[in-house]
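The values are calculated or read from the model by the stated rules, or taken from the named source; none is laboratory data. Model, not experiment: these values are computed from the prediction. In this analysis, Cβ positions are derived from the backbone assuming ideal geometry, glycine residues included, and neighbour counts consider all displayed protein chains. The area values use the complete protein model at the heavy-atom level, side chains included, leaving out ligands, DNA and RNA. Shrake-Rupley method; radii C 1.70, N 1.55, O 1.52, S 1.80 Å.
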Protein chains: 2
Amino acid sequence: RYFHFCKLPGRVMGIRLLRFTSVVIIVLLLVAGALTALLPSIKDDKMPNLKREPKAPSQPALDAFTLIMQTYNRTDLLLKLLNHYQAIPHLHKVIVVWNNVGEKVPEDTWNSLGPHPVPVVFKVQTVNRMRNRLQNFPELETKAVLMMDDDTLVSAHDLAFAFSVWQQFPEQIVGFVPRKHISTPSGIYTYGSFELQSPGSGNGDQYSMVLIGAAFFHSGYLEDFQKQPEAVYALIDETQNCDDIAMNFLVAKNTGKSSGVFVKPVDIRNLEKDTNSGYSGMWHRAEHLLQRSYCVNKLVNIYDGMPLKYSNIMISQFGFPNYANHKNKM
Amino acid sequence: RYFHFCKLPGRVMGIRLLRFTSVVIIVLLLVAGALTALLPSIKDDKMPNLKREPKAPSQPALDAFTLIMQTYNRTDLLLKLLNHYQAIPHLHKVIVVWNNVGEKVPEDTWNSLGPHPVPVVFKVQTVNRMRNRLQNFPELETKAVLMMDDDTLVSAHDLAFAFSVWQQFPEQIVGFVPRKHISTPSGIYTYGSFELQSPGSGNGDQYSMVLIGAAFFHSGYLEDFQKQPEAVYALIDETQNCDDIAMNFLVAKNTGKSSGVFVKPVDIRNLEKDTNSGYSGMWHRAEHLLQRSYCVNKLVNIYDGMPLKYSNIMISQFGFPNYANHKNKM
């Protein structure tokens, strides 16, 4: 019947043709629309959208840590160390405690050299105090804190390992610098390191503190630190020293165990001689060690007892850098 | 009046004299008796009575351990090692598992060379089986067991330290010989030591077992071992091997953690070349290591899964033998 359409009157054929072509056009448009929807979106020159989208909220609290680094008069070392520490595995954020009162934070420099792997927050301080770093910073989101002095460089391997050790001993200060106190017949304590007589019976040494200038500890202890007797703050402010000894007292009292776990560092360096500032750190003061013994005795007074406990456990990373670190004649 | 006694009649004087001398004699005897009582008792040539009295019943269970040493065909090494181990601090008792079927225990020799610091019990076995040492011996009174192979000499310092470490990790096998398993793409496991690829990402090595031939563990695990599937005993008996791998599976399943904690020994020696017997130990058999891989896979089958977990924690004694073991450039 369709072969004979030319015989039909013009008007009828026109309408049929119109319908037919309309249908064809509509079908073609639908197909084109479907194809367009399936095409990949045009990529731009910058990083793909996917990476710039904020990550789905993960759980930073448990498997990451926050670096807290207090700094005074060594901005060159600070920036050098930030370049190193910003890349440590499992680092969530850096909090810089800016003790350079009246001086501008290097935020513009930092931002102009971005992007950075992690956010850095500069906390401007109004007074240059040693205990500024022990505030309970609202920016802290992780359970773990890594506290570092602004002249100390610890290798990424050491930090990754020590963090894994902290996760097994979360109540304690897990770090790289052990110290001890000893008792003397008079009952007066002295603070020191290996050069002091061992508290035990000549069978190796013991430590009773792990310094917080290169250590992991639970962020909850910063909260606890805010609730200490006023005399503790007065002592730290008077000496501009001993905040770390006070933290060890706090932790020991809290756990009834030794306050720290010593992890032997493979690569730890003190950069203070590398600074342009000429500033060489509090521990060079003549009275530094005597002050620390003084602090131990004052704290025993304040806390009405000696809570520090001894340990002789030294932890190293099995087979790192190689198996020689554990081979024996067997 | 007494000056005139010679004037009195003989009888009267005799009686008075008699009384007088009696009194004098009695007084002298009393004085002598008092002096005798105050004299120190005569020391004999052997150890003073005080030391040979049995100690007041203390609490051996918590701060002492029992040494269990299985022995086969190396009685000369056994006796040499007993002389050494009998003097380890905190040792409560020694249990010798006598696998020399049909041969008399050297009890007479042992007794004739007494006294000894601790009691030794010889457990005669009827069949020479590797797993004989994993019985729940009724003589066991302590929470801790020290298990040693009969050719292994570990220094007293190492043992005293490792015991103190076990007290901090009582659920785990704390010892001196770490081993691991690795997974291969086929899902088949292989057993080995440092020569195998690290299970991690090239960042040091890991271990997943601590061998019980030189280790401390909780005596409760001997009780648990009696309740394992029959197939486990059959496997150990078939191979005369792998009892230690089975124990690691047991502990790992029990704790959900790594079965062992490795303590790096300062002085550990294998004495097998020193034996007169010419017997050189199971691990020299050609198929020994292949057998242990076989055991790992069989045990995964029996326990329906791989419970072993990795650890890279290596523990050493702080400042022993001297501070050089922890000093650094800081």
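Residues being away from every other protein chain (no Cβ under 12 Å) and either open to solvent by 10 Å² or more (accessible area, probe 1.4 Å) or among the hydrophobic types (A, V, I, L, M, F, W, C) (or both): count how many of those fall in the range A:174-185.
Quick first cut of the range A:174-185, residues away from every other protein chain (no Cβ under 12 Å) only: A:181-185.
In the following step, the residues that additionally are either open to solvent by 10 Å² or more (accessible area, probe 1.4 Å) or among the hydrophobic types (A, V, I, L, M, F, W, C) (or both) were identified as A:182-185.
The number of residues fulfilling the criteria is 4.
Give the number of residues within the range B:85-109 that are closer than 21 Å to B:PHE217 by Cβ, out of contact with any Lys or Arg (no Cβ under 8 Å at 6 or more places or on another chain) and part of a loop (DSSP other than H, G, I, E, B).
Filtering the range B:85-109 for residues closer than 21 Å to B:PHE217 by Cβ gives B:85-86, B:88-97, B:99.
In the following step, the residues that additionally are out of contact with any Lys or Arg (no Cβ under 8 Å at 6 or more places or on another chain) were identified as B:85-86, B:88-94.
From the residues that got through so far, the ones that are part of a loop (DSSP other than H, G, I, E, B) too are B:86, B:88-90.
Count: 4.
Do you know which residues across the range A:258-279 are surrounded by 16 or more Cβ atoms within 10 Å (Cβ to Cβ), within 14 Å of chain B (Cβ to nearest Cβ) and either touching a helix residue (DSSP H, G or I) at 6+ places or on another chain (Cβ under 8 Å) or in a loop (DSSP other than H, G, I, E, B) (or both)?
A:SER258, A:GLY260, A:VAL261, A:VAL263, A:LYS264, A:PRO265, A:VAL266, A:ILE268, A:LEU271, A:GLU272
Kindly indicate whether any position in the range B:239-255 is in contact (Cβ under 8 Å) with a residue 24 or more places away in the chain, within 14 Å of chain A (Cβ to nearest Cβ) and under 30 Å from A:TYR310 (Cα atoms).
The answer is yes, given that some residue of the range B:239-255 is in contact (Cβ under 8 Å) with a residue 24 or more places away in the chain, within 14 Å of chain A (Cβ to nearest Cβ) and under 30 Å from A:TYR310 (Cα atoms).
In this structure, is B:VAL121 of a type in the set (Val, Ile, Thr), touching a residue at least 24 places away in the same chain (Cβ under 8 Å) and over 26 Å from B:TRP283 (Cβ atoms)?
So B:VAL121 fits the description; yes.
Scan A:GLU171, A:GLU223, A:GLU195 and give me the residue that is of a type in the set (Asp, Glu), in contact (Cβ under 8 Å) with a residue 60 or more places away in the chain, open to solvent by 10 Å² or more (accessible area, probe 1.4 Å) and within 14 Å of another protein chain (Cβ to nearest Cβ).
On the way: A:GLU223 fails: within 14 Å of another protein chain (Cβ to nearest Cβ); A:GLU195 fails: in contact (Cβ under 8 Å) with a residue 60 or more places away in the chain.
Unique residue meeting the criteria: A:GLU171.
Identify, please: which residue in the range B:205-220 is open to solvent by 20 Å² or more (accessible area, probe 1.4 Å) and within 14 Å of chain A (Cβ to nearest Cβ) and is, among those, farthest from B:ASN136 (Cα to Cα)?
Restricting to residues being open to solvent by 20 Å² or more (accessible area, probe 1.4 Å) and within 14 Å of chain A (Cβ to nearest Cβ), the top hit is B:GLN206.
Being surrounded by fewer than 22 Cβ atoms within 10 Å (Cβ to Cβ) and within 14 Å of chain A (Cβ to nearest Cβ) is true for just one of B:HIS157, B:HIS116. Which residue is that?
B:HIS157
Looking at (1) buried (at least 20 other Cβ atoms within 10 Å of the Cβ); (2) free of Cβ contacts under 8 Å to residues at least 40 places away in the same chain, which is the only condition A:ARG74 fails?
Answer for A:ARG74: the failing condition is (2).
Residues in the range B:236-247: is at least one open to solvent by less than 20 Å² (accessible area, probe 1.4 Å), touching a helix residue (DSSP H, G or I) at 6+ places or on another chain (Cβ under 6 Å) and part of a loop (DSSP other than H, G, I, E, B)?
yes
When the residues of the range A:280-330 are narrowed to those that are away from every other protein chain (no Cβ under 14 Å) and at positive phi, which ends up surrounded by the fewest Cβ atoms within 10 Å (Cβ to Cβ)?
The residue in question is A:ASP304.
Just give me the residues in the range B:299-330 being part of a helix (DSSP H, G or I) and within 26 Å of B:VAL174 (Cβ to Cβ), in sequence order.
B:LEU299, B:VAL300, B:ILE302, B:TYR323, B:ALA324, B:ASN325
Could you tell me whether the range A:141-149 includes any residue that is touching a Gly at 6+ places or on another chain (Cβ under 6 Å) and within 14 Å of chain B (Cβ to nearest Cβ)?
Yes: one or more hits.
Tally time: how many residues in the range A:77-109 are free of Cβ contacts under 8 Å to residues at least 40 places away in the same chain and either open to solvent by 10 Å² or more (accessible area, probe 1.4 Å) or more than 17 Å from A:ALA214 (Cα to Cα) (or both)?
Looking only at that region, the number is 15.
Within the range A:226-235, how many residues are part of a helix (DSSP H, G or I), open to solvent by 40 Å² or more (accessible area, probe 1.4 Å) and in contact (Cβ under 8 Å) with a residue 12 or more places away in the chain?
In the first step, residues of the range A:226-235 are kept if they are part of a helix (DSSP H, G or I); the result is A:230-235.
If we keep only those that are open to solvent by 40 Å² or more (accessible area, probe 1.4 Å) as well, we get A:230-231, A:234.
Right, trim to in contact (Cβ under 8 Å) with a residue 12 or more places away in the chain and you get A:231.
Adding up the residues that qualify gives 1.
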